[in-house]
Amino acid sequence: MTTALPKPAGLYRANIRPAQILVWTLLLIGGLIMITPLLFMFSTSLKTAGQVYDLRVIPAAPTLENYAKVLLDGRFMRWFLNSSLVAVTVTLSNVFFDSLVGYTLAKFEFRGRYLIFLAILSTLMIPTEMLVIPWYLMSSQLGWLDSYWGIMFPGMMTAFGTFLMKQFFDTIPNDFLEAARIDGLNEFQIWWKVAMPLVTPALSALAIFTFLGNWTAFFWPLIVTTSKELYTLPVGLSSFAVEQSIQWELIMTGAAIATLPTLIVFLVLQRYIVRGVMLAGLKG
């Protein structure tokens with residue numbers, strides 16, 4: 001039996017090309033540029049009022065007093081709960097309705113199916129700013145202004161989610177569905193028990209994107225709400241910034257707390273994001 005000899009170190013260095021070094025360097029610089037504002041945000045949240053304009057990333061005397069002040073502020077916690085309610089409710093609604101419509105368009109043959117799908121896709125080309133006035137008029141006529149439902153209804157179902165789910169449902173073999181029908185399952189049971197488990201990556205990606213989008217939504221909640229009790233976190237922080245215009249350490253603390261849920265969701269579920277987007281691109 002012969003023992004493989006170790007390769008000279010020069011061979012390993014030869015595998016590293018100048019182009020790779022350039023790409024890694026650019027990625028490192030881009031990553032530092034993107035993460036620097038976050039570092040200063042968390043750094044400022046640990047500073048006292050007198051240290052705010054000190055540009056050191058690590059404060060000389062870090063303190064958690066700012067977090068205690070913000071968390072004990074009843075307004076901030078109310079805004080946090082409002083954002084949680086809106087983001088979770090809209091996410092669940094998207095996962096349910098988008099997948100149901102996507103399954104219907106993918107697995108049922110009926111007249112006008114492709115026209116309906118094209119009509120749904122065409123809405124992706126309409127900027128959100130153009131829809132604000134119709135949304136507002138609808139909310140005013142139905143009495144939804146300054147209410148939770150008024151904040152949530154525009155995002156309860158999305159064209160992107162419908163398109164994403166249809167693309168995944170198209171890949172499910174019809175033989176699986178026929179076998180379920182032979183076993184006596186109705187169409188809703190087939191969708192729920194057979195089709196849904198097979199598109200878990202798409203469901204996960206859709207849920208993550210929807211949650212993050214609604215957690216950080218600012219424009220529409222700002223327009224539709226007038227009472228501070230119904231403010232979501234981004235809208236509340238904007239008013240908090242006006243009221244506390246010179247207390248930057250409190251503003252950065254509120255922003256840091258608002259950012260933590262999104263960071264946790266991304267770090268825990270990033271593999272589903274990558275897998276869902278990759279598969280959606282391949283199947284598109």
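Throughout, read-outs are computed from the coordinates displayed, never taken from laboratory work. Just so it is clear, the structure is predicted and the values come from calculations on it, not from any experiment. Don't worry about glycine lacking a Cβ; one is built from the backbone with ideal geometry, like all the others, and counts go over all protein chains shown.
What FRET efficiency comes out for Glu187 versus Leu263 if R0 is 30 angstrom and r is the Cβ-Cβ distance? Round to the nearest 0.05.
0.15
Pick from Ile116, Ile264, Ile182: which is most flexible by mean-square fluctuation in a GNM of the chain where alpha carbon atoms under 10 Å apart are linked?
Of Ile116, Ile264, Ile182, the Gaussian network model singles out Ile182 as fluctuating most.
Taking the Cβ of Thr48 as the center, what net charge do the other residues with Cβ under 11 Å away carry, scoring Lys and Arg +1 and Asp and Glu -1?
-2
Kindly write out, for region 202-218 in residue order, the coupling ³J(HN,Hα) from the Karplus curve 6.51 cos²θ - 1.76 cosθ + 1.60 (θ = phi - 60°), rounded to whole Hz, with x marking Gly and Pro.
Once θ is set to phi - 60°, the couplings for region 202-218 become 5, 4, 5, 4, 4, 5, 5, 4, 5, 4, 5, x, 7, 5, 9, 4, 10 Hz.
If you plug each phi of region 46-62 into the Karplus form 6.51 cos²θ - 1.76 cosθ + 1.60 with θ = phi - 60°, what whole-Hz ³J(HN,Hα) values come out, in order, with x for Gly and Pro?
Each residue's phi maps through the Karplus curve to give 9, 9, 7, 4, x, 9, 4, 8, 7, 7, 5, 5, 9, x, 5, 9, x Hz.
Within 10 Å of each residue's Cβ, count the other Cβ atoms and sort Met77, Met152, Met157 from fewest upward.
Ascending number of Cβ neighbours within 10 Å: Met77, Met157, Met152.
Zone of Asp146 (label point 7 Å along Cα→Cβ, backbone N under 13 Å): which residues in region 60-78?
Under cut-off, by backbone N: nothing.
Sort Met196, Met165 by Cβ crowding within 10 Å, fewest neighbours at the top.
Starting with the residue having the fewest Cβ neighbours, the order is Met196, Met165.
Taking trypsin sites (Lys or Arg not before Pro) as candidate sites, keep only those in a DSSP loop with at most 13 other Cβ atoms within 10 Å, then name the longest stretch of the chain containing none of them.
My reading of the result: 112-284 is the longest stretch.
Stretch Phe110-Val88 to full length: gain in nm at 0.36 nm per residue minus the Cα-Cα span?
4.6 nm is the gain from fully extending Phe110 to Val88.
With the chain treated as a Gaussian network of Cα nodes joined by springs under 10 Å, which of Ile133, Ile172, Ile208 yields the largest mean-square fluctuation?
Most flexible of the set in this elastic network: Ile133.
Which value at 222 nm does the chain reach when only helices count, each DSSP H run of 4 or more adding -39,500 (n - 2.57), with the total divided by all residues and rounded to the nearest 500 deg cm²/dmol?
Only helices count here, giving -22500 deg cm²/dmol.
Stick to Cα atoms and the Kirkwood definition of Rh, then tell me Rg/Rh for the chain.
In the chain, Rg relative to Rh is 1.09.
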